[in-house]
Amino acid sequence: MSDDLNYKLYGEFGDRYDLHTPPHHYVHDHAFVIKQACGVGGEGRLLDLGCGTGVLLEKALAAGLDPLGIDSAPKMIECARARVGRNRVQLLPMQELEHEQVFDCVVSLSWSLNYCRDLDELRDVFRRCYRMLRPGGGLVLQVAHAPSAATEMPSFNVDLESGPGGPEDIVLHYRFWSEGPQKLLAEYEFECVSTAEHFKERHELRVADVRLLTSILAEIGFVHIEMLDSWRGEAFLHSISPFVLARRSLR
């Protein structure tokens, strides 16, 4: 199982996630993913691995898709269920993914896959995805790419968001840098001014090399694999957060 629940950002403070990273942060990424999912065809059955608070699930429903989300963080699952209903969300780590339903598209965003412990665990998750996709079904991933990150600890970026106490009540400091060719370090400092809540923690994102990930997908049998720099659709060049598109073979 991945280590993401050891982090307060998803565990103890998981129900505050939409405060420091509100849905409007993902407008373009989500629109891109929905377009890809709709383009796969079939019956619109979509599986979101690491669905978090359910923002993408809500948008998928509005687009006429038939989504299901899984996540290992109980507090984030509570938020997702409030957003899209209990039947649309399951408390389940992606490493334990087994489902009778076959999906037209499997997606995983926001570096969720990079919380796998190692290459073998990630390879197993990809195999599970392959089995659960119909022939010709689509895979849409957003992953971390350590080789594009700074090699030394940079200064913090700062986001100010509205919170219980009003505008700029939520303060999130964050920064990313690489530690070797396949590990990305992410440091977050969360503060809610009105409630005096505060924590700081560092996350380790593993197997953070998009070229390595795509080689694993090809090894498993995925075809039509593409690496993109962003939601704009340009070929991968130097993004720290590229997209990967792939299809299950028709055989």
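Just so it is clear, none of the values below were taken in a lab; they were calculated from the coordinates. Keep in mind the model is a prediction, meaning the values are calculated, not measured. Every residue, glycine as well, gets a Cβ built from its backbone with ideal geometry; the counts of neighbours run over all protein chains shown.
Cβ crowding within 10 Å ranks 153, 94, 76 as 153, 94, 76, fewest other Cβ atoms first. Ignoring lysines fewer than eight residues from residue 200 along the same chain, the ones with Cα atoms less than 29 angstrom from its Cα are 8, 75, 183.
Sorted ascending by nearby beta carbons within 10 Å, beginning with the fewest, 86, 248 become 86, 248.
The three principal axes of the C-alpha atoms in segment 173-251 carry coordinate ranges of 56, 27, 25 Å, sorted with the longest axis first. For segment 134-176, treating each Cα as an identical point scatterer without solvent, what Debye log10 I(q)/I(0) comes out at q = 0.21, 0.26, 0.31 1/Å? Normalising to I(0) and taking log10 leaves -0.79, -0.92, -1.03. Considered as an equivalent ellipsoid built on the Cα gyration tensor, segment 143-209 has semi-axes of 28, 10, 9 Å, the largest given first. Over all Cα atoms in the chain, the spread is summed up by Rg and Dmax: 17.5, 57 Å.
Neighbour counts of C-beta atoms inside 10 Å place 38, 105 in the sequence 38, 105, starting with the fewest.
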